[in-house]
């Protein structure tokens, strides 16, 4: 099976700034792929390279096996849901959704019928006559989705699709996007800086840092086995152990990560320290120890005794929970 | 009766704002002059004694339909329409460039370039144009030197634009009108174009629109409120320009001036003054029905 999107050694430099620097990437057809990273890490530029709004300064981009490095946006079988939705304020919802068909020259009746079909897909059947300004944030998001899907793209790109929504709506939309992707069987590629969103929605994700991909894999891979310190730091709330401490714990002299939920408090253990902070999380309490200058967090499930701040305690864990990482 | 002020009033303008806020009917005083104008237009003048008869009549409005008066109204309407279109066509690329591409010092240069002419006296500018357009003026001189006088002569031989030189041709009046009103078209246009985010243009391209389709379906409708706002100004054609540059054919502004001054026919002057107001109201209503303000 050919990949939906393939980058080979793709770069996009703006003068001296290397927004994207030698990225290799393969997105399988039908997958829900996330590009995760802090702002300025190159994830959005990568999305724009797929959509065609940016041209690579080096390397090759293929969409379904076809080299599109110099193909303009409208000739790619790809559509985008923009971060600010970019709905046309002077058109009603139906005309917004039908826009892609209108510019192709489809007749009014046919394109409106298709637009209504798309609106039904995002559960906005009754909203065709409204103006975007009369919709809530979540509804605008759906209109943007319907508008991008009307041209039947094979790849749908979503730029921070849920960034502007409040928490509850965001969670509902996450489920809905996932369901929609499943139903349509399309390839979804979305950009986010929210690791929870990336982990819960994507079936594969790439973590970006400084214009390069730090790690690529399934959410489990990324979360359980971060490849670099950056990934461990950025994704989730893993402890990052310096080489000396790893060795003191019986491992080789290398950076390692240790997830708080894989640890337990004990009277004796390899890591001892004073409790410096406690944070109640509902499902448990995060206990932060100061072990010879390194902060290490443990998660104590609710119902178990929690030490007081200033007390000295130890952390124990299974040796297999210690995950070694590359130097960076 | 009035709620206590939450913030202390500072300066005259704050206090004035406060006065209008507490007593909105004071604003009526500003509209009073307009009401007086409207009232005057329903009076008539006794043609024998020249005294204004303060009785309600539509006689004065009927006078507007006399051939020589209708001529003035039609001339004004045509000139305003042509000036508006020319201003819109000229202003668009300038406003578009300023809104989309000009940054930093270029933006400052844009504002300075557009606004600087507004700082000098209107009369000075009109007289300057009279000299530029005169037969011995720089334009004629340059045309002679480059052998392109046939263009000017061609314009001057078009029926309706005849004149001994550009400065005595209606075409000269048109040029000066365009020059004077251009900034009032550029600025609102630029403001409305500035509010169109780049992502909207990208969305249009992403959905398959060509550049000209994006222009027609997205940029133009979104810039339209600015065009309309700019064109309102062009209708308020003043009487000074056609007196100085052109063939001295009368426009509404000049007619108002002469009717209330030289002729002492204040009712007819008032009736003339109501015409552009009516035209504007009809124009705005049509624009609204055509959806020109949908982007607001």
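I'd like the full set of residues that are over 29 Å from the mean Cα position of the chain (by Cα) and assigned to a helix (DSSP H, G or I), limited to the stretch A:248-307.
Across the stretch A:248-307, the qualifying residue is only A:248.
Take residue A:12 and decide whether it is in a strand (DSSP E or B) and either within 14 Å of chain B (Cβ to nearest Cβ) or surrounded by 21 or more Cβ atoms within 10 Å (Cβ to Cβ) (or both).
Numbers: in a strand (DSSP E or B): yes; either within 14 Å of chain B (Cβ to nearest Cβ) or surrounded by 21 or more Cβ atoms within 10 Å (Cβ to Cβ) (or both): yes.
So residue A:12 passes the test.
Among the residues of the stretch A:314-324, is there at least one that is assigned to a loop (DSSP other than H, G, I, E, B), out of contact with any helix residue (DSSP H, G or I) (no Cβ under 8 Å at 6 or more places or on another chain) and over 15 Å from residue A:265 (Cα atoms)? Can you show your working first?
Step one: filter the stretch A:314-324 for residues assigned to a loop (DSSP other than H, G, I, E, B), giving A:318, A:322.
Pick out the ones that are also out of contact with any helix residue (DSSP H, G or I) (no Cβ under 8 Å at 6 or more places or on another chain) and you get none.
Within the stretch A:314-324, none of the residues are assigned to a loop (DSSP other than H, G, I, E, B), out of contact with any helix residue (DSSP H, G or I) (no Cβ under 8 Å at 6 or more places or on another chain) and over 15 Å from residue A:265 (Cα atoms).
I'm checking my understanding of the structure. Among residues of the stretch A:97-113 that are outside any helix (DSSP H, G or I) and within 19 Å of residue A:77 (Cβ to Cβ), which one is nearest to the other protein chains (Cβ to nearest Cβ)? Steps first, answer last, please.
First, pick out the residues of the stretch A:97-113 that are outside any helix (DSSP H, G or I): A:103-107.
Retained after the next criterion (residues that are within 19 Å of residue A:77 (Cβ to Cβ)): A:103-106.
Numbers: A:103: 4, A:104: 6, A:105: 10, A:106: 11 Å.
The qualifying residue nearest to the other protein chains (Cβ to nearest Cβ) is A:103.
One line per residue, one yes/no per condition, for (1) in contact (Cβ under 8 Å) with a residue 60 or more places away in the chain; (2) in contact with a helix residue (DSSP H, G or I) (Cβ under 7 Å, 6 or more places away or on another chain):
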{"site": "A:165", "(1), (2)": "no, yes"}
{"site": "A:168", "(1), (2)": "no, no"}
{"site": "A:176", "(1), (2)": "no, no"}
{"site": "A:202", "(1), (2)": "yes, yes"}
{"site": "A:211", "(1), (2)": "yes, no"}
{"site": "A:234", "(1), (2)": "yes, yes"}
{"site": "A:237", "(1), (2)": "yes, yes"}
{"site": "A:253", "(1), (2)": "no, yes"}
{"site": "A:262", "(1), (2)": "no, yes"}
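When only residues in the stretch A:213-232 that are out of contact with any helix residue (DSSP H, G or I) (no Cβ under 7 Å at 6 or more places or on another chain) and assigned to a loop (DSSP other than H, G, I, E, B) count, which is farthest from residue A:295 (Cα to Cα)?
The selected residue is A:218.
Per-residue answers, yes or no, for (1) crowded, with 20+ Cβ neighbours inside 10 Å; (2) touching a strand residue (DSSP E or B) at 6+ places or on another chain (Cβ under 8 Å):
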| residue | (1), (2) |
| --- | --- |
| A:154 | no, yes |
| A:159 | yes, yes |
| A:165 | no, no |
| A:171 | no, no |
| A:196 | no, no |
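Looking only at residues that are in a loop (DSSP other than H, G, I, E, B) and more than 8 Å from every other protein chain (Cβ to nearest Cβ) in the stretch A:73-86, which one is farthest from residue A:187 (Cα to Cα)?
Taking the stretch A:73-86 and keeping what is in a loop (DSSP other than H, G, I, E, B), we get A:76-77, A:82-86.
Keeping just the survivors that are more than 8 Å from every other protein chain (Cβ to nearest Cβ) gives A:76-77, A:85.
Numbers: A:76: 14, A:77: 11, A:85: 19 Å.
So the residue we want is A:85.
Filter the stretch A:28-42 down to residues that are touching a residue at least 40 places away in the same chain (Cβ under 8 Å) and part of a loop (DSSP other than H, G, I, E, B) and give me whichever is surrounded by the most Cβ atoms within 10 Å (Cβ to Cβ). Show your work before the answer.
Pass one, the stretch A:28-42, residues touching a residue at least 40 places away in the same chain (Cβ under 8 Å): A:28-39, A:41-42.
Still in the list and also part of a loop (DSSP other than H, G, I, E, B): A:29-31, A:37-39, A:41-42.
Values: A:29: 15, A:30: 16, A:31: 19, A:37: 29, A:38: 13, A:39: 7, A:41: 25, A:42: 23.
Among those residues, the one meeting the criterion is A:37.
Would you mention how many residues in the stretch A:116-145 are away from chain B (no Cβ under 12 Å), crowded, with 17+ Cβ neighbours inside 10 Å and closer than 17 Å to residue A:177 by Cβ? First the steps, then the outcome.
Residues of the stretch A:116-145 away from chain B (no Cβ under 12 Å): A:116-130, A:134-142, A:145.
With the extra rule that they be crowded, with 17+ Cβ neighbours inside 10 Å, the set shrinks to A:116, A:118-119, A:121-122, A:124, A:127-128, A:135, A:138-142, A:145.
Checking which are closer than 17 Å to residue A:177 by Cβ leaves us with A:118-119, A:121-122, A:124, A:138-142, A:145.
Final tally of qualifying residues: 11.
Step by step: first the residues of the stretch B:215-224, then only those that are at the interface with chain A (Cβ under 9 Å from one of its Cβ atoms) and at pLDDT 90 or above, then the one that is nearest to residue A:82 (Cα to Cα). Which residue is that?
For the stretch B:215-224, the residue satisfying everything is B:218.
May I ask you to say which residue of B:248, B:231, B:212 is farther than 30 Å from residue B:53 by Cα and either within 14 Å of chain A (Cβ to nearest Cβ) or out of contact with any helix residue (DSSP H, G or I) (no Cβ under 8 Å at 6 or more places or on another chain) (or both)? Full working, then the answer.
Working: B:248 fails: either within 14 Å of chain A (Cβ to nearest Cβ) or out of contact with any helix residue (DSSP H, G or I) (no Cβ under 8 Å at 6 or more places or on another chain) (or both); B:231 fails: either within 14 Å of chain A (Cβ to nearest Cβ) or out of contact with any helix residue (DSSP H, G or I) (no Cβ under 8 Å at 6 or more places or on another chain) (or both).
From the options B:248, B:231, B:212, the qualifying one is B:212.
Looking only at the stretch B:136-150, which residues are surrounded by 11 or more Cβ atoms within 10 Å (Cβ to Cβ) and over 16 Å from residue B:245 (Cα atoms)?
B:141, B:142, B:143, B:144, B:148, B:149
Can you name every residue in the stretch B:194-209 that is at pLDDT 90 or above, surrounded by fewer than 20 Cβ atoms within 10 Å (Cβ to Cβ) and more than 7 Å from chain A (Cβ to nearest Cβ)?
Listed by number, the list holds a single entry, B:201.
The values are calculated or read from the model by the stated rules, or taken from the named source; none is laboratory data. Since we're looking at a predicted model, the values are computed, not measured. Reconstructed Cβ throughout: ideal geometry from the backbone, glycine too, with neighbour counts over all protein chains shown.
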